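A.B. asks: Next up is a structure, given as structure tokens.
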Amino acid sequence: MILNSVTVENFRSFYGEQTINFSTDKKANTTIIYALNGVGKTNLLNAILWCLHGEFSSGFKNPKDVLNWEAKRRGRKSYHVTLNFEDNGAQYIIRRTGGEIDNFKVFQVMWDGNTVELTSAPSLFVNSIIPKDMAGYFISDGEGSDLVVERDGYISVKRSIRDILGFNVAEKTLDDLNKIKSEVRQELKKFDKDSELSTLEDRIQVFDESLVKTRVSLTENKSLLETYEDQLASVERQIGSSSSAVVDQLISQREKASKTLKAAETKLATLETKKVGLIREYSWVAFAYNLSNEALDFIDESELKGKIPAPFNLQLVKDILEREECICGSCIQPGTEAFDKIQSLIGKAADPELLNRLQKARSRLTAVKTLAPQAKERIEENFKEVREARKLIHSTQQELEDVSSRILELDDEKIRSLEKQRIALKNKIRETDRSITRLTDKIDELIKSKHQLEDQAKKIKGLSPRAKVLKAKIDLIEQVEEKISAELIQSEKDIHKILAKKIDSFLEKYLRQDYRVSITSDLKICLQDRNGKPVPPSGGQAAILSFIYISSLIAIARERRDLESTILTPGAIAPLVFDAPFSKLDPKYAPNVARELPKLVDQLIVLMYQDDGKDVSQTLRSEGKLGKEYYFCEEIAGEQGNVEIHTLTFNGKEVPVTKYNCPIDRVVVMEVE
Amino acid sequence: MHEQRDENGLISKLARDLVLIERKSFYGSEPERDRLKKMRELIDEISQEIQNDS
């Protein structure tokens, strides 16, 4: 999208029609509009925003009082804004009217100059070019008013990232699906005579709600943990940068002990896992030891007493009797003494299958006997190693406490205070870690319980066909919810890396090596100095952080313009309209920003007061990026009196930007010659 | 959690279509009140389709 012009009519400070033709040159793509504070910069920015989406920025005061005062006095009832722009090679005109008449029209300008109104879904058309949830980042007041500064200097950028990724529509779909699901559940209750299913569904819903809350709490705790760890690292860096030799020695001792502690804790964890394995491997041996001894004794004794079959084969005896012939070749006739004796052996002869089983039992029982000493030895060794690791952990913890106490006794107030902060942060980290473990366990437990209830619900018989249809519908809605949620979660995960890369790149361009930006997994950003110390987001640093962040967002939106995702809204390529972007910016960084911003977008429109030595316009000019310049002249009907005439200087020539004794109060747009 | 029945991309398609209905309403081209009605109808239709298949 390239803006050709904007025409405002009776809109706030602009009486009558005023038009600005923006620079559409591909190289000199920047238009600067100079104006004193309070004369109309924010009004113009809001005129563009309102024309596109019928909304104003959060900083726009009295949004219901838009009609120009002079126009109102002369009986006018409406105000208008017209945008003329180009997108994908076609020309369009958007005209919005407010006040007594509300009107919104979009026209396409044909090759012959005639216009054709887009009557079918004009809002959707405008949103396909620059979605309303992203527009506020392109048409911005430049000081990051949408960024919420949290405690400890962190700024949550989650909302804006979600806006740029186009999460809003998908999230609203999830809200609607939840509404529909509740309706279906209500209807289902009518068919569930014994209330068995609805009771289960109610309980499932309770688990669902609890899961959502616990997950939110887990995310918050994880983010808190990262913040504490960041702060701890910063405090430790500050203690480490002390010039005292004693502190140096203590810190070095602490670092060594910390490494030992970490290694011992890792070893203990491995040994504990091994212990569980050993118990699993040998517990049966321990339990079976006495039993197996008794069993072996029993087998031996029984064999001795002949209670167990003799070791000759039953089949052999049967064969001899059947053939009536001994293995020595003698004839054995039935009824003879020899035949009777051999026949009596059948009672004692061993069944081969029984013998086989007996052998197996003996071998198993012997294995228990052999494994028992081995098990004892290995388990005892593991227990010994666990004891040693615990002892090492305990002594190292003592050593660390000792180091900390010695630091707290040092005659250095700053170091003592930092050490106290360090101890407090360590405690917070420990507490938060515990909370994370608790919450993770709770989530697992909730999921398990919910699945059990869902299984029970599935098994309920005797539902009417209509109830079954409703149940299937709930199931379907939940699958869709999971599908959409999964894509949102994945997109948020993916964006972390992309954002970090973009921020690094703009950091390098705008600030060189002076600062770094840390990003938490919960998408909170913080500007840090070279020592990793968070820089409070006020004044110039906040402005530069805002620039870096907005630039990163714009770059991400640009790359996502042709996104093929079906759930998320595609990004946008639109002009960047910045209101007073350089006002709070440190003069040291302003030229860098002025050099890089026009490269970021196809068109840049900057609304600013004269740049007070920040060399913004000079830099843009020398880079060949400055296409057009305008200024607002305030015409005042009253007498000048003792008030000074304000002027702006262009090309060494002073130009008045306030005029007195004019016919009416109004702001006039003037192009710089 | 649920039986996996998205082999033919039915769930993905339904998710996409529901988001599309929401988008049209969110960006102002369709009246807000029609949104839930259209969503309900689409869910009914697909649910019916799945049950007929099984």
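The values are calculated or read from the model by the stated rules, or taken from the named source; none is laboratory data. Because the structure is predicted, anything quoted here is derived from the model rather than measured. As a convention, Cβ positions derive from the backbone with ideal geometry for all residues, glycine included, and neighbour counts pool all protein chains shown. Ligands, DNA and RNA are excluded from the accessible area calculation, which covers all protein heavy atoms including side chains. Shrake-Rupley method; radii C 1.70, N 1.55, O 1.52, S 1.80 Å.
A.B. asks: Name the residue from A:651, A:268, A:80 whose Cα lies farthest towards the positive end of the charge dipole of the protein assembly as shown, charges +1 on Cβ of Lys and Arg and -1 on Cβ of Asp and Glu.
C.D. replies: Result: A:268, furthest along the dipole toward the positive end.
A.B. asks: Moving to a separate point now. Where in the range A:414-449 does the label zone of residue A:203 land, with the point 7 angstrom along Cα→C-beta and an amide N cut-off under 12 Å?
C.D. replies: Hits in the range A:414-449 for residue A:203 at 12 Å: A:449.
A.B. asks: Still on this structure: Rounded to the nearest percent, how much of the accessible area of the range A:577-623 (1.4 Å probe, protein heavy atoms only) is carbon and sulfur?
C.D. replies: After summing per-atom areas, the C and S share lands at 43 percent.
A.B. asks: So, one more: For the range A:489-620, what is the charge dipole size about the Cα centre, in debye to the nearest 20, if Lys and Arg each add +1 at the Cβ and Asp and Glu each add -1 at the Cβ?
C.D. replies: 340
A.B. asks: Set the Förster distance to 30 Å, then compute FRET efficiency between residue A:5 and residue A:128 from the Cβ-Cβ distance, nearest 0.05.
C.D. replies: FRET efficiency, residue A:5 to residue A:128: 0.90.
A.B. asks: Looking only at other chains, what is the average number of their beta-carbon atoms within 10 angstrom of each beta-carbon in A:265-271?
C.D. replies: 0
A.B. asks: Which is farthest toward the positive dipole end of the range B:10-53 among B:28, B:51, B:18, measuring Cα position about the Cα centre, with Cβ charges +1 (Lys, Arg) and -1 (Asp, Glu)?
C.D. replies: Selected residue: B:28.
A.B. asks: Once amide H atoms are built 1.01 Å from N in the peptide plane, which residues 5 or more positions from residue A:23, or in another chain, come under 5 Å H to H?
C.D. replies: Counting only residues 5 or more places away or on other chains, the set is A:31, A:628.
A.B. asks: Restricting the calculation to Cα positions, tell me the Rg (one decimal) and the Dmax (whole number) of the protein assembly as shown in Å.
C.D. replies: Considering the protein assembly as shown through its Cα atoms, Rg and Dmax are 40.5, 155 Å.
A.B. asks: For residue A:599 and residue A:468 in the same chain, what is the full-extension length gain: residue separation times 0.36 nm, less their Cα-Cα distance, in nm?
C.D. replies: Taking 0.36 nm per residue and subtracting the Cα distance, the gain is 41.2 nm.
A.B. asks: Just checking the output field for A:567-574: average partner chain Cβ neighbours within 10 Å of each residue's Cβ?
C.D. replies: Mean partner-chain Cβ count within 10 Å for A:567-574: 1.
A.B. asks: Additional query: Take residue A:588 and residue A:265, extend 7 Å from each Cα along the Cα→Cβ direction, and tell me the distance between the two endpoints in nm.
C.D. replies: Rounded to a tenth, the inter-label distance reads 3.8 nm.
A.B. asks: I'd like to compare A:624-632, A:246-254: which one has the highest average count of other Cβ atoms within 10 Å, and what's the full order after that?
C.D. replies: Sorting A:624-632, A:246-254 by mean packing, highest first, produces A:624-632, A:246-254.
A.B. asks: OK, next. Pulled fully out, how much extra length does the chain show between residue A:280 and residue A:115, if you take 0.36 nm times their separation in residues and subtract their Cα-Cα distance?
C.D. replies: My answer for the length gained is 51.2 nm.
A.B. asks: Please list A:659-668, A:518-527 highest first by mean number of surrounding beta-carbon atoms within 10 Å per residue.
C.D. replies: Ranking the peptides A:659-668, A:518-527 by packing returns A:518-527, A:659-668.
A.B. asks: Which helices, counted as full DSSP H runs in chain A, have an axial Cα extent of no less than 24 Å and a Kyte-Doolittle average of 1.0 or above?
C.D. replies: Qualifying helices: A:539-559.
A.B. asks: When only alpha-carbon atoms are used, what values of Rg and Dmax, in angstrom, describe the range B:10-53?
C.D. replies: Radius of gyration, then largest Cα-Cα span, for the range B:10-53: 11.3, 36 Å.
A.B. asks: In addition: What's the ranking of A:497-510, A:374-387 by average number of surrounding C-beta atoms within 10 Å, highest first?
C.D. replies: Highest-to-lowest ranking by the protection proxy: A:497-510, A:374-387.
A.B. asks: Under the classification rounded if a/c is under 1.5, otherwise prolate if a/b is larger than b/c and oblate if not, where does the range A:2-121 fall, given a ≥ b ≥ c as square roots of the Cα gyration tensor eigenvalues?
C.D. replies: The shape class here is oblate.
A.B. asks: Using label points projected 7 Å from each Cα along Cα→Cβ, tell me how many nm separate residue A:272 and residue A:650, to one decimal.
C.D. replies: Inter-label distance under the simple model: 7.3 nm.
A.B. asks: Taking the Cα centre as origin and putting +1 on Lys and Arg beta-carbons and -1 on Asp and Glu beta-carbons, what dipole magnitude results for the protein assembly as shown, to the nearest 20 debye?
C.D. replies: Using Cβ point charges on Lys, Arg, Asp and Glu, the protein assembly as shown gives about 580 debye.
A.B. asks: Be a star and scan the range A:18-45 for residues whose amide nitrogen sits under 14 Å from the point 7 Å along the Cα-to-Cβ vector of residue A:670.
C.D. replies: Residues A:34-36 qualify, since their backbone N sits under 14 Å from the label point.
A.B. asks: For peptide A:116-123, compute the average count of partner chain beta-carbon atoms within 10 Å of each residue's beta-carbon.
C.D. replies: Rounded to a whole number, the mean comes out at 2.
A.B. asks: Greater than 28 Å separation of Cα atoms is the criterion. Which listed pairs, A:213/A:502; A:132/A:599; A:497/B:24; A:27/A:501; A:179/A:222; A:267/A:493, meet it?
C.D. replies: A:213/A:502; A:497/B:24; A:179/A:222; A:267/A:493
A.B. asks: For the pair residue A:505 and residue A:410, what calculated FRET efficiency results from E = 1/(1 + (r/R0)^6), where r is the Cβ-Cβ distance and R0 = 45 Å, to the nearest 0.05?
C.D. replies: 0.60
A.B. asks: In square angstrom, what is the accessible area per residue of the range B:10-53 with a 1.4 angstrom probe?
C.D. replies: 52
A.B. asks: Under unit Cβ charges (Lys, Arg +1; Asp, Glu -1), what dipole magnitude, rounded to 20 debye, does the range B:10-53 have relative to its Cα centre?
C.D. replies: Using Cβ point charges on Lys, Arg, Asp and Glu, the range B:10-53 gives about 240 debye.
A.B. asks: Among A:627, A:110, A:519, which residue has its Cα furthest toward the positive end of the charge dipole of chain A, with +1 on Lys/Arg Cβ and -1 on Asp/Glu Cβ?
C.D. replies: Towards the positive end, the residue furthest out is A:519.
A.B. asks: Helix-only mean residue ellipticity at 222 nm, chain A, DSSP H runs n ≥ 4 weighted -39,500 (n - 2.57), per residue, nearest 500. What is it?
C.D. replies: -20000 deg cm²/dmol
A.B. asks: Which percent of Cα pairs goes in each bin when the distances of the range A:421-558 are cut into 10 angstrom slices starting at zero?
C.D. replies: Here the calculated profile for the range A:421-558 is 9, 23, 22, 20, 14, 9, 3, 0.
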